[in-house]
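Enquirer: Attaching a single structure in structure tokens format; questions to follow.
FYI, it's all coordinate maths here, none of it is from the lab. What you are looking at is a predicted structure, and each value in this text was computed from that prediction instead of being measured. We place every Cβ from the backbone using ideal geometry, glycine too, and count neighbours over all the protein chains shown.
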Ligand SMILES: Cc1cc2nc3c(=O)[nH]c(=O)nc-3n(C[C@H](O)[C@H](O)[C@H](O)COP(=O)(O)O)c2cc1C
């Protein structure tokens, strides 16, 4: 059984809804999940968990949110090399390029990225199932 940190930033609630679903997926598969707002997470908490799900919507121009999420992520990523990580987030008008760039970055940093899920706006039934599956992969 894994203890999973679900760490997220959300401006209008869509990625937050995904975070809830990922946590539900972890728990349904027998793991434990802590939902953590990104401003409350830092590298010194990594040792408390077995696996990690990071959630951030597409912001800027296909970028991670750069006031709260990116500073946290920049700090923790080097300490996550080899760790089991899943990525998720919501987007609207483009096609998910921010997630491709994020996955590529995480791969290059040596993270064990098990999968990622994107949802257009609020997670629909298909994205709901995908978020639950993502959580189960980490449990
Ligand atoms: C400042 C800003 C920048 C955004 N940039 C993008 C973008 O580059 N590509 C995209 O597909 N959606 C973009 N969006 C849309 C958000 O990703 C989308 O509304 C998402 O559902 C927000 O998730 P949240 O409810 O978790 O904050 C942007 C939204 C805002 C407010």
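Enquirer: Restricting attention to segment 103-125, report how many residues are over 18 Å from residue 83 (Cβ atoms) and in a loop (DSSP other than H, G, I, E, B).
Expert: Of the residues in segment 103-125, 4 are over 18 Å from residue 83 (Cβ atoms) and in a loop (DSSP other than H, G, I, E, B).
Enquirer: The conditions are (1) touching a residue at least 24 places away in the same chain (Cβ under 8 Å); (2) farther than 22 Å from residue 40 by Cα; (3) away from the ligand (no atom under 15 Å from the Cβ); (4) under 13 Å from the mean Cα position of the chain (by Cα), and residue 103 fails exactly one of them. Which is it?
Expert: Among (1) touching a residue at least 24 places away in the same chain (Cβ under 8 Å); (2) farther than 22 Å from residue 40 by Cα; (3) away from the ligand (no atom under 15 Å from the Cβ); (4) under 13 Å from the mean Cα position of the chain (by Cα), residue 103 violates only (1).
Enquirer: In segment 120-129, is there at least one residue being over 16 Å from residue 15 (Cβ atoms), more than 13 Å from the ligand (Cβ to nearest atom) and surrounded by 15 or more Cβ atoms within 10 Å (Cβ to Cβ)?
Expert: Pass one, segment 120-129, residues over 16 Å from residue 15 (Cβ atoms): 125-126, 129.
With more than 13 Å from the ligand (Cβ to nearest atom) added as a condition, the list becomes 125-126, 129.
After this cut, where a residue has to be surrounded by 15 or more Cβ atoms within 10 Å (Cβ to Cβ) as well, the list is none.
No: segment 120-129 contains no residue that is over 16 Å from residue 15 (Cβ atoms), more than 13 Å from the ligand (Cβ to nearest atom) and surrounded by 15 or more Cβ atoms within 10 Å (Cβ to Cβ).
Enquirer: Which one of 52, 69, 88 is closer than 24 Å to residue 133 by Cβ and more than 16 Å from the ligand (Cβ to nearest atom)?
Expert: Testing whether each residue is closer than 24 Å to residue 133 by Cβ and more than 16 Å from the ligand (Cβ to nearest atom) leaves just 52.
Enquirer: Could you say whether any residue in segment 30-37 is part of a strand (DSSP E or B), in contact (Cβ under 8 Å) with a residue 12 or more places away in the chain, buried (at least 20 other Cβ atoms within 10 Å of the Cβ) and more than 16 Å from the ligand (Cβ to nearest atom)?
Expert: Within segment 30-37, one or more residues are part of a strand (DSSP E or B), in contact (Cβ under 8 Å) with a residue 12 or more places away in the chain, buried (at least 20 other Cβ atoms within 10 Å of the Cβ) and more than 16 Å from the ligand (Cβ to nearest atom).
Enquirer: Then there's this: For segment 57-66, does any single residue satisfy the condition of being near the ligand (Cβ under 8 Å from one of its atoms), in a strand (DSSP E or B) and out of contact with any strand residue (DSSP E or B) (no Cβ under 8 Å at 6 or more places or on another chain)?
Expert: Checking segment 57-66: at least one residue is near the ligand (Cβ under 8 Å from one of its atoms), in a strand (DSSP E or B) and out of contact with any strand residue (DSSP E or B) (no Cβ under 8 Å at 6 or more places or on another chain).
Enquirer: Sticking with this structure for a sec: For segment 69-88, what are the residues that are within 14 Å of the chain's Cα centre (by Cα) and either on the phi > 0 side of the Ramachandran plot or in a loop (DSSP other than H, G, I, E, B) (or both)?
Expert: 83, the sole residue that qualifies.
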